[in-house]
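Where a number appears in this text, it was derived from the coordinates with a stated rule and is not lab data. Just so it is clear, the model here is predicted, and its values are computed rather than measured. Using ideal geometry, Cβ is built from the backbone for each residue, glycine included, and neighbour counts are taken over all protein chains shown.
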Amino acid sequence: MTFPQEFQTFVFLDIETTGLPRDQPCVAELSLFAVNRHSLQRPAPYLSQPPLLPRILDKLTLCVDPQKPFTAKAEEITGLSNRTLEENCKPDFNSAIVEALRAFLDRQARPVCLVAHNGLGFDFPLLRTELWKVDADLPPDTGCLDTLPALKELDKATNQSYRLGEVFRRIYGQEPVGAHSAEGDVLTLLLVFLAKAPELMAWAAVNARSWGEIKPMYPPSPVSRRN
Ligand code: DCM
Ligand code: MG
Ligand code: MG
C-alpha cells in the first residue's frame, strides 16, 4: 500500500463471537457502518452530548450461526446463543455472507479503510480466518485502522484505560448504548471517532495497515473448511 493514503470511505466494523482468541472463536454477528470522509471532516460540535450521526450512512448487520458453542461469558455479554441463532434459522458464515460483504464494500468510494477497536488484535484476524474457511478474502489493499493504538498515540496517554466503553465515557460522560451487540459497538466506535475524526483520518493516512498484511487468527481446521 502506498502512503499517505487519502481514504475516501471509513467502514466501522465490529464482530461478536463465540469467545476469545484462545477459544479459536467463530463469528456470530457482524456490523459495518460505511461513512464517506466528506461526512467526517466537520469538527465535532458538542462533545458533552454525543454528536449527531452523519445523515448519510450505509449499514450492514448480520447474525450468523457460528457452528461452535459459545463460552458462557460470550453468551452472557452478547445476549446471543447457539439455541436462539438456530431457532431463528440463521445460516452459517457462508458464501452468501461473503457476497453481501463484497457488495457492501464495492458500493463505497475507494480507497476504503476498515476501522475497528482492537481490530488488529481481534476483528481483522478473525474475519480473515472466517473468509479463509470459505476460500474467500477481501482486496489486499483494503486499509485497516485499529483505533486502540491510534487513540493511545494521539493522546500521548499515560496509563488510562483504552477499552471502547471507557473512551466513550471519558469523551461524552455517558454510558455507551448496546455494548457487545455488533451494531451497538459500531455506533459507540463511530461516535468516538467523530470526536477526533480529523486527527484519526490523518493518522490512518500514514499508519493504516493493509488487509494483505493481516495474519489470520488461526488456520481453518480441515473439517471446518467448507465451500
Ligand atoms: N469476548 C469474550 N469475553 C470477554 C469479552 C469479549 O468472550 N470478556 C468475546 C465475545 C464478544 C467478542 O469477544 O462477542 C467481541 O467483543 P466486543 O463485544 O467487545 O466487541
Ligand atoms: Mg469489538
Ligand atoms: Mg462487540
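Quick notes
- Ranked by how many other Cβ atoms sit within 10 Å of their own Cβ, fewest first, the residues 12, 3, 168 fall in the order 3, 168, 12.
- Within the chain, helix-based [θ] at 222 nm, where runs of 4 or more DSSP H residues each add -39,500 (n - 2.57), nearest 500: -10000 deg cm²/dmol
- Site pair residue 3 and residue 23 shows an inter-label distance of 3.5 nm when each label is modelled 7 Å from Cα along Cα→Cβ.
- Label point 7 Å beyond Cα of residue 152 along Cβ direction - residues of the range 97-123 with amide nitrogen under 16 Å: 116-123
- Simple spin-label estimate for residue 102 and residue 132 gives 1.9 nm between the two label positions (7 Å along the Cα-to-Cβ direction from each Cα).
- A crude spin-label estimate for the pair residue 205 and residue 90, with each label 7 Å from Cα along the Cβ direction, gives 3.9 nm.
- If you wrap the Cα atoms of the range 121-227 in a convex hull and average its projected area over all directions, you get 8.0 nm².
- Total lysine pairs whose alpha carbons fall under 15 Å of each other in the chain (8 or more apart, or interchain): 5
- Ordering 83, 163, 22 by the number of other Cβ atoms within 10 Å of each residue's own Cβ, fewest first, gives 22, 83, 163.
- The range 9-224: equivalent-ellipsoid semi-axes (sqrt of 5 x gyration tensor eigenvalues, Cα, Å): 27, 20, 17
- Sequence-separation-based contact order of the range 9-224, relative, with Cα cut under 8 Å and 6+ spacing, percent: 28 percent
- Global dimensions of the range 5-117 from alpha-carbon coordinates: Rg and Dmax equal 16.5, 45 Å.
- This model, with +1 at the C-beta of Lys and Arg and -1 at the C-beta of Asp and Glu, gives the range 9-224 a dipole about its Cα centre of some 660 debye.
- Based on C-alpha pairs under 8 angstrom that are at least 6 apart in sequence, the range 124-227 has a relative contact order of 54 percent.
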